[in-house]
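The values are calculated or read from the model by the stated rules, or taken from the named source; none is laboratory data. Remember, predicted model here, so these are calculated numbers, not experimental data. Heads up, the Cβs are rebuilt from the backbone with ideal geometry, glycines too, and the neighbour counts pull from every protein chain shown. Just the protein is used for accessible areas: all its heavy atoms, side chains included, with ligands, DNA and RNA removed. Shrake-Rupley method; radii C 1.70, N 1.55, O 1.52, S 1.80 Å.
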Amino acid sequence: MTRQSPVSLLAAMLVLMVACAKTDRVQASPGKNSAMMNTQIMALPAEPLSAYEQASLLHMREEEKLARDVYQALYVKWGLQQFGNIAASEQRHMDAVLNLLNKYNLTDPAANKQPGEFADAGLQQLYNKLVADGMQSASAALTVGATIEDLDLFDLAEAIEKSDNQDIDMVYGNLAKGSRNHMRAFNRGLQSSGITYVPQYISQTLFESIIKSALERGMQ
């Protein structure tokens, strides 16, 4: 994975925030969000997919699954509410990407996969490492959570820069909003334990702007 410059990432994240601006106006209970997202996806035109957009959708479906599966495993281990709440959010993210896969008749790489199982060998290896790391201590688990959201934000910024389909940009913008909120939650947990998270993928400047800003409302 090629890392972008902090300036490029900041520009990309501004685009992400604009892309999900419409959904900021929508207030809904979590149980309705998946259905509302699918309605918005289907309301937008089906546009030709580039090779990058197709690969990105397949990867993002499994990357959101990785987040859900890791958080479920760490919730069982530590019982921290962050993991229980955010795992449910990651399921909604998985559903949103699956709706796009179905809309474009793409084969779901997560179909028939059990928790912790991935078609992508790189994600499989990453899952194994993250779960092992998170089992060491509660603070290590929170660091794993922050790392996953760090990676998600990096990948989403790159994906939205290279995509021009309205429905994909709308979904990715919503996923990025959720990831920013998740990053804030994990960082609060780490700070309460006296631990400072250092971003590994996004820039320090972008990370600080996220954790210093307020919780974002709307569909996620």
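This structure gives Cα Rg over 2.2 N^0.38 Å, computed directly, and of (1) 0.95; (2) 1.64; (3) 1.12 that value is listed as (1).
In the chain, what percent of the accessible surface is made up of carbon and sulfur (1.4 Å probe, ligands and nucleic acids excluded)? Please report the intermediate quantities before stating the final value.
On the way: 5410 of 9850 Å².
Exposed carbon and sulfur together represent 55 percent of the surface.
Each label point was placed 7 Å from the Cα along the Cα-to-Cβ direction; for LEU106 and GLU208 their separation is 3.6 nm.
Solvent exposure of the chain amounts to 45 Å² per residue of accessible area, where only protein heavy atoms count and the probe is 1.4 Å.
Simple spin-label estimate for ASN128 and ALA43 gives 4.5 nm between the two label positions (7 Å along the Cα-to-Cβ direction from each Cα).
Can you show me the helix-derived [θ] at 222 nm for the chain, built from DSSP H runs with n ≥ 4 at -39,500 (n - 2.57) apiece and divided by the number of residues, rounded to the nearest 500.
Calculated from helices alone, the mean residue ellipticity at 222 nm is -24000 deg cm²/dmol.
Of the residues ASN38, ASN85, ASN112, which exhibits the maximal mean-square fluctuation in a Gaussian network model of the chain defined by a 10 Å Cα contact cut-off? Maximum among the listed residues: ASN112.
Here each label is just a point 7 Å from Cα along the line to Cβ, and for ASP95 and LYS77 those points are 2.8 nm apart. When LYS212, LYS113 are compared by accessible area at a 1.4 angstrom probe, the order from most to least is LYS212, LYS113. Taking 0.36 nm per residue of separation and subtracting the current Cα-Cα distance, fully stretching the chain between ALA140 and THR196 would add 19.0 nm.
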